[in-house]
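Here is the structure we will look at.
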Amino acid sequence: MDISDFDYQLPDERIARYPASPRDSSRMMVLQRDGRRLDARFAEYPQYLNPGDVLVINDTRVLPARTRARLERANGTSREMEIFFAEPYGELGTNTWQVLCRPGRRIRSGDRAIFGGGELSGVFKGSVGEELHVLTLESNEPIEQILERYGQVPLPPYMGRPDESADRENYQTVFASHSGAVAAPTAGLHFTNEVMSAIRARGVSVVTVTLHVGIGTFLPVRSQEVEKHVLRPERFEISPAAADELERARQERRRIVAVGTTVIRTLEYLMKMHERILAGSGKTDLYILPGFQFKLVGAMLTNFHLPKSTLLMLVCAFAGRERIQEAYRHAIEAHYRFYSYGDCMFIER
């Protein structure tokens, strides 16, 4: 497949730079199993779920992963730079991370990064591929606390604005609890506590998994043939209670509804590896393209994604490329808001 198969033109004014307020006032396009398309509001979402469904949410919490630092080279020169903490390097829980640097050229092992005017420093230990550097922070403080003090909310570049104080709350889901993501699982941003209560009152089970959205979200597909692209692995965890609930629902043939592409990748990875849902943790690099055979998920909630992105490819695999292309054309004409802070789609298979 050619990358152009997943391209479209979006007017700049369709990009959502701020979230809907309240969260559940966002618009929702519904692609029903019988082929009908409806325009709705997310506050109505519970009525599109059935008693007995299992709604699966991602409880990852976004780290304030974008920081400013001063690069001090071993040769005595220095300059200001941005350091984006992408993912841990080696064992989880250490303060050695793979980082993106802007500007990122001519960084060598032994160079130092100085944060907060000298309050914290780190040492570069080499590079991983062409874009990522390895940085060890000289502190025993947990990385989450360090980034809370020095970091900024990692809003995607297409928003075209710096983060604001409100983004500390707006760019987290109401069920975010396990820190580790560098981008929000955006389909979850529409939920409010009131909507969650209405979903449970309808007889829908809610199951939580964790997938820490990684730097692959920001890295473009550079291959003309999309099959040649390599997806960076992302860390996931599923508890015994969640695995038992999902496996029971699978055996009972109840509908599994995924909130976001992150949930789909976690669940379908487990099914591909084990033919069932097992508890545990690991990394998934599952790359879902049209032609993929879904084994578990029967419906999904998702935002409108960037052209030529792996997220758009996954949605096309789930619902059909022509069906999604037509839905996106309608969304643009009907003035839906796109991307992380934008509106959403509910898709049934």
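What follows is calculated from the coordinates using simple rules that are stated; it is not laboratory data. Everything numeric here is computed off the predicted structure, so don't read it as measured data. Glycine gets a Cβ as well: all are built from the backbone with ideal geometry, and neighbour counts include every protein chain shown.
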Give me LEU71, LEU246 sorted ascending by neighbouring Cβ count inside 10 Å, so fewest comes first. LEU71, LEU246
Would you look at the GNM of the chain, springs on alpha carbons closer than 10 Å, and say which of ALA113, ALA258, ALA166 moves the most? ALA166
Please identify every one of the trypsin sites (Lys or Arg not before Pro) in the range 271-340 that sits in a loop by DSSP and has no more than 10 other beta carbons within 10 Å of its own beta carbon. none
Likely footprinting exposure, HIS212, HIS190, HIS178, fewest C-beta neighbours within 10 Å first: HIS178, HIS212, HIS190
Using the Cβ atoms and a cut-off under 12 Å, what net charge is assigned to the surroundings of ARG222, where Lys and Arg are +1 and Asp and Glu are -1? -1
Taking square-rooted eigenvalues a ≥ b ≥ c of the alpha carbon gyration tensor, is the range 66-150 rounded, prolate or oblate, where a/c under 1.5 means rounded and, failing that, a/b exceeding b/c means prolate? oblate
Relative contact order (percent, whole number), the chain, Cα cutoff 8 Å, 6+ residue spacing: 24 percent
Counting only DSSP beta bridges fully inside the chain, the antiparallel percentage to nearest 5 is 70 percent
What is the order of THR261, THR96, THR210, fewest Cβ neighbours within 10 Å to most? THR96, THR210, THR261
What net charge do the residues around GLU268 carry, taking every other residue with its C-beta under 14 Å from that of GLU268, with Lys and Arg at +1 and Asp and Glu at -1? +3
Counting other Cβ atoms within 10 Å, which trypsin sites (Lys or Arg not before Pro) in the range 102-155 have at most 14 and lie in a DSSP loop? ARG105, ARG106, ARG108
Going by amide H atoms built from the backbone, whose H comes under 5 Å of the H on VAL128, apart from near neighbours? HIS133, VAL134
Which of these, GLY180, GLY122, GLY35, has the largest mean-square fluctuation under a Gaussian network model of the chain (Cα springs below 10 Å)? GLY35
I'd like the orientation of helix 310-319 relative to the chain: the angle between its Cα long axis and the longest Cα principal axis, in ° from 0 to 90, rounded to 10. 10 degrees
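What is the sum of charges, Lys and Arg at +1 and Asp and Glu at -1, for the other residues whose Cβ falls under 15 Å from the Cβ of TYR339?
Net of charged neighbours comes to +2.
Calculate for the chain the 222 nm mean residue ellipticity that helices alone would give, adding -39,500 (n - 2.57) per DSSP H run of length 4 or more and normalising by residue count, nearest 500 deg cm²/dmol.
That calculation yields -6000 deg cm²/dmol at 222 nm.
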